[in-house]
Amino acid sequence: MSHNFFSLIRSSVTDDDKIFIRTTEGRSYTYRQAWDLSARYAALLSAKGLVIGDRVAVQVEKSPEAIILYLACLRAGAVYLPLNTAYTLAELEYFIGDAKPHVVVCSPERFSDIEPMASSLGVFSTLTLGAANQGTLVDESTFLPTEYETVVVEPTDLAAILYTSGTTGRSKGAMLTHANLSSNARTLVEYWRFTDSDVLLHALPIFHTHGLFVASNVTLLASATMVFLPKFDIGLIRRELPQATVMMGVPTFYTRLLKEDWLNHGSTDHMRLFISGSAPLLAETHRAWTERTGHHILERYGMTETNMITSNPYDGERIPGSAGMPLPGVSVRISDPDTGAQLPANTPGMIEVKGPNVFKGYWRMPEKTQSEFRTDGYFITGDIGYIDASGYVFISGRSKDLVITGGYNVYPKEIETEIDSIEGVEESAVVGLPHADFGEAVTAIVVLQEGASLTEAEVIARLDPLLAKYKLPKRVLFEAALPRNTMGKVLKAEIRKQHDGLYK
Ligand code: AMP
């Protein structure tokens, strides 16, 4: 028996003539067409000499073909490695150097920049794929056969590597196995009652666990349909909502939609489910949504490393401000962050998780992997929270100072390192401050060297070519010193408190 996640997908789909995916421009693929095209892509990868376990790094615009390429990688036993479309060339160089992919797939527009760099790092072939179904991946696979024998893998073989930024040093590649993806997708289909009648409104990016795995894998296992929006766009959401039954979003989607007059009971009555995750959904947003539409948003919690961990119930009470209960088969406990001792109900501590959903480790970082797991196999999430007496999990904050802006994770250390390297800068601290639209806004506090002079615009202009747009500070504030404790640690909580109202 094959443990390839694609084999599970293939056997779960009952009607190959159903629409699997369509764009807002009307391009669509039935399941059969998706199988055929994934066979062609897989055959092309094999023809390029790719063998089981080889990585395929993909930085492309959102398109149905990009998802079909993911399926092709599963079929070929390759490790799919999606990369944020906002990453700069310098950032890509790090990922490609670290992951050493056999094949890179990029947008046609970026080929001339990426190909020489990839080739110098030992990449065998760089292919292109554009959002309008153009590029060398398309050209070279057109005449290949639509039959491809899916590669047999072990449950612990890698299906994907997703990079998550690190608080110290550079990004870490989370290694996800075929078994990780299978177990979580199966659980979510059942827990959220997905069926082949569902039409999922998909406005998320597809290089992140939420839009890639949660949305697509659940759709596939349920034989449902996805409607692909290029990005979150209010006009398109309004146009496509009547055809949908489920929407998955980050909290920012919900706060933005609440500003729309047309959002009401009438325009959402036909919807079965609204799901939120990837960042905290404010209880007030949850309540405002219920008041306006009659729907209780179902909030869930997960991470790149663990897939989904908890979810509010489908039938039971969906509690505003809670991430819900551990999913079936997933164990969650709260520990003392310093000693690891387990804590009783209602006591905040480190959230730890164990289950078939939890990743295999960080790519080429055995020591880092070991330090993030307890000896009994629990993964230390880095999130602080508590479990109440009824079993609901509440997330109180992040131990690692991660900033989540518009659903994207930004690790302050990376931004601070770039700011600190600007001439005239003494030191800096980057924090997330409450922002009505983004949830948190990346904000930099900069201390200048004596006699140096720099403006806010100059700092941002220096960072612009180095960092993805979403990581750029929304504001740069200049101060005489950073607050520190006696151990010399910068007191970020104090900075956040001091500037709490900056964007209000
Ligand atoms: P990522 O790996 O990008 O999916 O980010 C994972 C992090 O997002 C988690 O460790 C949490 O800090 C945060 N997160 C995800 N879902 C929620 C949620 N429902 N409430 C609060 N934080 C969340």
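Laboratory data are not the source of any read-out in this text; all were calculated from the coordinates shown. What you see is a predicted model; the values in this text were computed from it and never measured. FYI the Cβ positions are ideal-geometry reconstructions off the backbone, even for glycines, and counts take in every protein chain you see.
Among the listed pairs 231/259; 48/100; 231/360, give every one whose C-alpha distance is greater than 23 Å. In this structure, 231/360 exceed 23 Å between Cα atoms. Give the relative contact order (percent, whole number) for region 266-398; include only Cα pairs under 8 Å separated by 6+ residues. Value for region 266-398: 20 percent.
Note on the chain: helix-only mean residue ellipticity at 222 nm, from DSSP H runs of 4+ residues weighted -39500 (n - 2.57) and normalised by residue number, equals -8000 deg cm²/dmol.
Report the local net charge at residue 69: Lys and Arg +1, Asp and Glu -1, summed over other residues whose C-beta lies under 11 Å from its C-beta.
Values: positive: 40, 75; negative: 65.
With Lys, Arg at +1 and Asp, Glu at -1, the net is +1.
Panel note: the C-alpha atoms of the chain, placed on their principal axes, show extents of 67, 55, 51 Å (largest first).
How long are the three semi-axes of the equivalent ellipsoid for region 403-498, computed from the Cα gyration tensor as the root of 5 times each eigenvalue, in whole Å, largest first? Mind showing how you got there, number by number?
Working: eigenvalues 80, 61, 24 Å².
Equivalent ellipsoid semi-axes, largest first: 20, 17, 11 Å.
Taking a point 7 Å from the Cα of residue 140 along the Cα-to-Cβ direction, the residues of region 48-69 with backbone N closer than 12 Å to it are 48-50. Inter-label distance, residue 464 to residue 390: 5.1 nm, where each label sits 7 Å from its Cα along the C-beta direction. Of interest is the spacing of the C-alpha centroids, which for region 1-78 and region 448-504 amounts to 43 Å.
Sort 352, 25, 65 by Cβ crowding within 10 Å, fewest neighbours at the top.
Values: 352 22, 25 10, 65 29.
The most exposed by this proxy come first: 25, 352, 65.
Residue 113: net charge of surrounding residues, Cβ under 15 Å, Lys/Arg +1, Asp/Glu -1, itself excluded?
Working: positive: 110; negative: 91, 93, 109, 115.
Once all neighbours under 15 Å are counted, the net charge is -3.
For the chain, relative contact order (Cα pairs under 8 Å, six or more residues apart, normalised by length) works out to 12 percent.
What net charge is computed for the residues neighbouring residue 281, neighbours being all others with C-beta under 12 Å from the C-beta of residue 281, Lys and Arg scored +1, Asp and Glu -1? Can you show the working numbers first?
Values: positive: 287, 300, 318; negative: 284, 299.
Once all neighbours under 12 Å are counted, the net charge is +1.
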